[in-house]
Structures are given as structure tokens and as C-alpha cells.
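The values are calculated or read from the model by the stated rules, or taken from the named source; none is laboratory data. Keep in mind the model is a prediction, meaning the values are calculated, not measured. In this analysis, Cβ positions are derived from the backbone assuming ideal geometry, glycine residues included, and neighbour counts consider all displayed protein chains.
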Amino acid sequence: MVIPPSLRVRFRVGSMKPHRKEGEMGEFTTTIETRLDQAYKGLQEAESSGDDFLADTLTAEIEDLRRLADDHGIPLQR
């Protein structure tokens, strides 16, 4: 399985203009950040153990979370 370079790089949330974490958007942003962190850690473990199915599943989850963040204006540093 080949992981696209954009997914292999460890993400870091933030940018020159950080997203303000207030109220519900703050909770939403924190949830996205937490789920991405967990998904990237899981992907690393899945790749290390040779679990291709789990790696594919986590790759899809990462892509979905990154799309969701983008749709809501949450900047993710690549």
C-alpha cells in the first residue's frame, strides 16, 4: 500500500492566522485535531504491523477529517 506524501507527513494544526477556538467551533476544532492525531498514530502503528486493511481505513478517515476541516475553515499545516 502506498500512502500519499500529503498523508505521510505528520500534521500540525495551525497557521499564520490561527482559527479561534470559541464555543462550539472550538469544541469542533479540538475534536478534529484529536481525531486526526489519533488517526495518524493509528496509521503509523498499522503500517508498522503490516495491517493493510486498518491502514487503508485510517487513510480514508484522515482524508475525510482533512476535508471536513477545510470545509469549515479550520487551517491544517501540511
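Considering only helices (runs of 4 or more DSSP H) fully contained in the chain, which possess at least 1 residues that are modelled with pLDDT of 90 or more?
Answer list for the chain: 23-49, 52-71.
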Worksheet item: For the range 24-78, which residues satisfy the criterion of being surrounded by fewer than 12 Cβ atoms within 10 Å (Cβ to Cβ) and touching a strand residue (DSSP E or B) at 6+ places or on another chain (Cβ under 6 Å)?
Response: Gln77
